[in-house]
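So the structure is just underneath, and the comments pick up after that.
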């Protein structure tokens, strides 16, 4: 059975990734610092990946626990976990930067580095889940946007370094229908609908749509694709907002 590691497995997009890969016949090793709050068939490991830059016994035990499930190689690594700190520049502190970079950029790098032998054995794929904020952002999102932009650059660089044995690609989602997004629009269904209409496809993404792109990139159907960033954004990345016409 093909093995897949998915970080951020308790979040909306992470849950979709776990379900899509499990239904496709993969053995899912799901990782999150929060528990998965529903019955599931996955190998779940509760761990905060922002700690991966250390050499503590806790980190070593975490790696060994994963390796015990993937002796026959690692088909895919989905770097999905991330944190989003939204603050004015005056309020950002060093801990905010360290937390953001450790979770969103460095943890994916350390995971790739740690599991290189298993990825090479399986001729596996790495999928980095970036964000539309890597290309288009807004005020107060400097921490998140910077980390996701760097993730896209890291994707290109590692795709070159790890070829031909390992393919590395990135997915750039825009607004996606998750519990977290809906919580931000609590009591404002009109605002949520307006957000959908702003996309050329007149809706936001379903989390499963993002996960299915990941499944394609891990599969042999994408065997000649590496170093690529795929926008799953409903066309919003091509929209020029003109305040003069309110369009």
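The values are calculated or read from the model by the stated rules, or taken from the named source; none is laboratory data. Treat the numbers as computed from the prediction; the structure is a model and nothing was measured. Glycine also receives a Cβ, built like all others from the backbone with ideal geometry; neighbour counts cover every protein chain displayed.
Does region 63-73 contain at least one residue that is buried (at least 20 other Cβ atoms within 10 Å of the Cβ), assigned to a loop (DSSP other than H, G, I, E, B), in contact (Cβ under 8 Å) with a residue 40 or more places away in the chain and out of contact with any strand residue (DSSP E or B) (no Cβ under 6 Å at 6 or more places or on another chain)? No, region 63-73 contains no residue that is buried (at least 20 other Cβ atoms within 10 Å of the Cβ), assigned to a loop (DSSP other than H, G, I, E, B), in contact (Cβ under 8 Å) with a residue 40 or more places away in the chain and out of contact with any strand residue (DSSP E or B) (no Cβ under 6 Å at 6 or more places or on another chain). Selection of helices (runs of 4 or more DSSP H) fully inside region 91-142 by the criterion of at least 2 residues being under 24 Å from residue 4 (Cα atoms) returns 107-114, 116-122. Selection of region 21-43 for residues being over 19 Å from residue 114 (Cβ atoms), crowded, with 17+ Cβ neighbours inside 10 Å, modelled with pLDDT of 95 or more and in contact with a helix residue (DSSP H, G or I) (Cβ under 9 Å, 6 or more places away or on another chain) yields 21, 26. Is it true that residue 89 is loosely packed, with under 11 Cβ neighbours inside 10 Å and under 27 Å from residue 140 (Cα atoms)? So residue 89 passes the test. Please determine whether any residue of region 204-224 is under 18 Å from residue 131 (Cα atoms), under 24 Å from the mean Cα position of the chain (by Cα) and part of a loop (DSSP other than H, G, I, E, B). Scanning region 204-224, I find at least one residue that is under 18 Å from residue 131 (Cα atoms), under 24 Å from the mean Cα position of the chain (by Cα) and part of a loop (DSSP other than H, G, I, E, B), so the answer is yes. The number of residues in region 157-191 that are touching a helix residue (DSSP H, G or I) at 6+ places or on another chain (Cβ under 8 Å) and modelled with pLDDT under 85 comes to 6.
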